[in-house]
Amino acid sequence: QFQLAVPVAVVFAPGSVPGDLPRPLPFRDVQETEIPVNLRTTVTTRYETIYRSTTAQEEAALEAATAREADAALHPLQDASLGSLTMYVVPETSSLLPQGISVYVGKHRSALVRAGGGLAALRARLQQLTQVMSFTVSSITAALSDRVPDGQLGPDARRHLKSSLGYEITFSLLNPDPKSHAVDWDIEDAVNRYVQPVLDKLSLVANFSVDSQILYYAVLGVTPRFDKESSSFLLSAHSLPHVINPVEARLGSSAASLYPVLNFLLYVPERSHSPLYIQDKDGAPVSTNAFHSPRWGGIMVYNVEAPASPQASLPLHVDVDMVRVMEVFLAQLRLLFGLSREELPPEFLLESAGNDGLADWELDRLLWAHTVENIATVSTTLTSLAQLLDKIGNIVIKDDVASEVYRAVASAQRAVAELAVGHLHSAFQASKEAVTSSERAFFDPSLLHLLYFPDDQKFAIYIPLFLPMAVPILLSLAKIVRETRQRKKEPTKVD
């Protein structure tokens, strides 16, 4: 039974305090809601809110010219612990927020909210804001998707990658026509500039390794359709699933990997199929000319401009615009980790994460989901192990396996306890330790069920071996018994 506690601070700037507050500032308030997952699992969410006035330093920070500057100035003054949220309520006439904007969500763990409409309206806005910055019912049910009935899952629940201790990211350049195109891409610089900042932020979640490769003569496996009107080739939405299997056979990255592999493919079409465009389900061209596959990765088609003169020498030298490519791949990476920003009301303004690629509250959102998923995974693994032990009565449990099981249970219990008091970071670390210990116990070589045979199999194996030896022994014993009985029956001679 999960209990997720979120510490929230609602800070009122001068002139923003509603007149219908139930008690004088400061005061605490707790709101609980229950999310039923299935008959045996429920998730209780607790928003532990403290309402208070601004300090002198916070008032000075809120006098900044723009919301972005105020957010940067407020960042050192607020609670920096993972999972905590700070909402600053500014007066209705404040010029910090642009016209028509009532909520500004910053890059860190705070937001600016315009006052107005009394306490009930403010609470409704704050509740909407906490859903954006911490977790939603859909994000928690997606984390527990293995336990949720299919009818209750949203359309994106199976898109996100499962929680893992590590991920491998592979960037592949596919050049099916090297005779016509000599493609050059500066992937190392692009990864360092655009991908690495995001992975540095995500390093708290898991370990990442990045590699790249160029594959020649690698075709998509689907013949595109030629469109006379646009003089181009088209890949329709229903043919996209058939693109992945032939390409995946050439990648070879997932064969030797212990962790999930994310594949990002840049495909330069051959000259006979250029230009190549991807269509959506409605037949309209996709603006990015790319698509992604849930829990697998993404593919982008990069068209090369035809040479101005037909006598141009081949192969054509192509310099890939890595900014355009990385924009698409980073958007796909966010989708795969469930970090896509949902549709928000027009009065909400979300600050761009900038070079970090990831806001602090987005990282928290990911940690909430992964912590819950890790604890559920440990529960499932240990239940499976217990069922295995019940089925095989003569199995031997070594001391090191037993200690891993005890450690997994203790870590999972600690993670649940830390979640209940709102300590997200320590809860996530404990859940990772629990997953590691439970996997070590479950996959220990000494527990391989093939090492242990049921009794009926033992009889089936050993009877053919011992029966031929046992027959003469049994016959000899029977003969000895008969002779002994005959001796007893014979009368003894007495002189």
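Roughly how many debye, to the nearest 20, is the charge dipole of the chain about its Cα centre, given +1 on each Lys and Arg Cβ, -1 on each Asp and Glu Cβ, and no other charges? Each step should come with its number before you reach the end.
Working: 42 positive and 55 negative charges, 522 e Å.
Rounded to the nearest 20 debye, it is 2500 debye.
Classify segment 161-337 as rounded, prolate or oblate, taking a ≥ b ≥ c as the square roots of the eigenvalues of its Cα gyration tensor: rounded when a/c is under 1.5, otherwise prolate if a/b is larger than b/c and oblate if not. Prolate, because a/c is 1.5 or more and a/b exceeds b/c. When only alpha carbons are used to place a centre, segment 1-54 and segment 387-439 end up 31 Å from one another. Close amide H partners of Leu262, meaning residues 5 or more places away or on another chain with modelled amide H under 5 Å apart, are Glu168, Ile169, Thr170.
Can you pull the percent of the chain's accessible area that's carbon plus sulfur, 1.4 Å probe, other chains left in place? Don't skip to the answer; put the middle values down first.
Working: 14650 of 26400 Å².
C and S atoms contribute 55 percent here.
Taking a point 7 Å out from the Cα of Ser212 in the direction of its Cβ, the residues of segment 318-360 whose backbone N falls within less than 15 Å of it are 318-330.
By the scheme Lys and Arg +1, Asp and Glu -1, what is the net charge of all other residues having a beta-carbon under 12 Å from that of Arg414? Combined, the nearby Lys, Arg, Asp and Glu give 0. The GluC sites (Glu not before Pro) of segment 341-394 meeting both criteria, a DSSP state outside H, G, I, E and B (loop) and at most 10 other C-beta atoms within 10 angstrom of the site's C-beta, are Glu342, Glu343.
Here the 3J(HN,Hα) profile of segment 258-269, calculated from phi with Karplus coefficients 6.51, -1.76 and 1.60 at θ = phi - 60°, is 7, 10, x, 10, 9, 9, 10, 10, 10, 10, 9, x Hz, Gly and Pro shown as x. Estimated at 0.36 nm per residue, the fully extended path between Val137 and Glu188 surpasses their Cα-Cα distance by 14.5 nm.
Once you order the gyration tensor axes a ≥ b ≥ c over the Cα atoms, which shape class does segment 347-476 get: rounded for a/c under 1.5, otherwise prolate or oblate by comparing a/b with b/c? Before the final figure, lay out the partial values.
Values: a/c = 5.11, a/b = 3.73, b/c = 1.37.
It is prolate, given that a/c is not under 1.5 and a/b is the larger ratio.
Most tightly packed first, judged by the mean number of other beta-carbon atoms within 10 Å of their residues, the peptides 322-329, 282-289, 55-62 read 322-329, 55-62, 282-289. Extension gain, Thr66 to Lys458: 0.36 nm times the residue separation minus the Cα-Cα distance gives 133.2 nm.
Heavy atoms of the protein chains alone define the surface here; on that basis the chain has 53 Å² accessible area per residue at 1.4 Å probe size.
Within the straight-line cut-off of under 13 Å between alpha carbons, the aspartates and glutamates reachable from Lys391 are Asp455, sequence neighbours fewer than 8 places apart in one chain being disregarded.
For Phe12, the residues whose modelled amide H falls within less than 5 Å of its own, excluding neighbours fewer than 5 places apart on the same chain, are Arg52, Ser53, Thr54, Val89. Taking 7 Å steps out from each Cα toward its Cβ at Ser403 and Thr484 produces label points 5.4 nm apart.
Quick check on the chain: helices-only [θ] at 222 nm, where DSSP H runs of length 4 and up contribute -39,500 (n - 2.57) each and the sum goes over total residues. Nearest 500, please. Write down the numbers at each step before the final one.
On the way: 12 runs with 182 residues, N = 495.
Roughly -12000 deg cm²/dmol at 222 nm, from the helical runs in the chain.
Using 0.36 nm per residue and subtracting the Cα-Cα separation, the extra length available between Ala124 and Gln196 on full extension is 22.1 nm. At an R0 of 60 angstrom, the distance between the Cβ atoms of Ser81 and Asn303 translates into a FRET efficiency of 0.80. Put a dot 7 Å past the Cα of Leu25, heading toward its Cβ, do the same for Trp296, and the two dots end up 5.4 nm apart. Amide H contacts under 5 Å for Val318: Ala182, Val183, Asp184, restricted to partners 5 or more places along the chain or on a different chain, H placed in the peptide plane at 1.01 Å from N.
Apply the membrane-span-like helix rule to the chain: whole DSSP H runs, Cα extent along the own long axis of at least 18 Å, mean Kyte-Doolittle hydropathy at least 1.0. List the helices found. The answer, listed by residue number, is 322-336.
The values are calculated or read from the model by the stated rules, or taken from the named source; none is laboratory data. What you are looking at is a predicted structure, and each value in this text was computed from that prediction instead of being measured. Using ideal geometry, Cβ is built from the backbone for each residue, glycine included, and neighbour counts are taken over all protein chains shown. We work out accessible area using only protein heavy atoms, side chains counted, and drop any ligands, DNA or RNA first. Shrake-Rupley method; radii C 1.70, N 1.55, O 1.52, S 1.80 Å.
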